[in-house]
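So the structure is just underneath, and the comments pick up after that.
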Amino acid sequence: MNEAGLTAARHCALECDVTDADRVHAAFESLLGEPLHILVNSAGIEHTGTFLRTSAEGLASVMASNCYSSMYTSKSAISLFMLKQREGSTAAIPTLQCSIIVVHSIADADDNDDSGSIVNVGSVVGLVGNRGQVAYSAAKAALVGTRRCYIDTMQHERR
């Protein structure tokens, strides 16, 4: 234990182009057999411009980085959470806890715990918009909408 009373946690960072679904899938494949407790989606870029001056390329780039990337990584993480359950774990069925616009820490994660957490780093502009940030606002709003879908996916798979 360290001075704060926490044990050292095992963690890893996977490096890949998170805007490429195939590369994300390959990166998560390298985790097969390893416990996965938390995924933090924090990739993001900004393209500033009024709605009428936002190019299709600018919109696509922001959506790929800020929205689609979290969908690709979350899909892979949820698959790993559920694979662990299907492979005969005796622990409870995974519970997905999805958070947005939060900062929290996980300590003393148990390798036999089948729960999983996904943290999407969002922004208040996803809820209220912001002048000159149409692409960024749209991408962050999408994170809010997908949050419920991730939870529903896990609940449906329990049945």
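The values are calculated or read from the model by the stated rules, or taken from the named source; none is laboratory data. Model, not experiment: these values are computed from the prediction. Don't worry about glycine lacking a Cβ; one is built from the backbone with ideal geometry, like all the others, and counts go over all protein chains shown.
Among the residues making up segment 65-77, a single one is surrounded by fewer than 21 Cβ atoms within 10 Å (Cβ to Cβ) and under 10 Å from Thr153 (Cβ atoms): Lys75. Annotation: Ala26 fulfils all but one of (1) over 30 Å from Asn130 (Cα atoms); (2) in contact with a helix residue (DSSP H, G or I) (Cβ under 9 Å, 6 or more places away or on another chain); (3) modelled with pLDDT of 85 or more; the unmet one is (2).
Quick one: would you say Val144 is at pLDDT below 50, aliphatic (A, V, I, L, M) and not in a strand (DSSP E or B)? Against the criterion (at pLDDT below 50, aliphatic (A, V, I, L, M) and not in a strand (DSSP E or B)), Val144 does not qualify. A single entry from Ser99, Ser117, Ser65, Ser79 fulfils the requirement of being at pLDDT 90 or above and outside any loop (DSSP other than H, G, I, E, B): Ser65.
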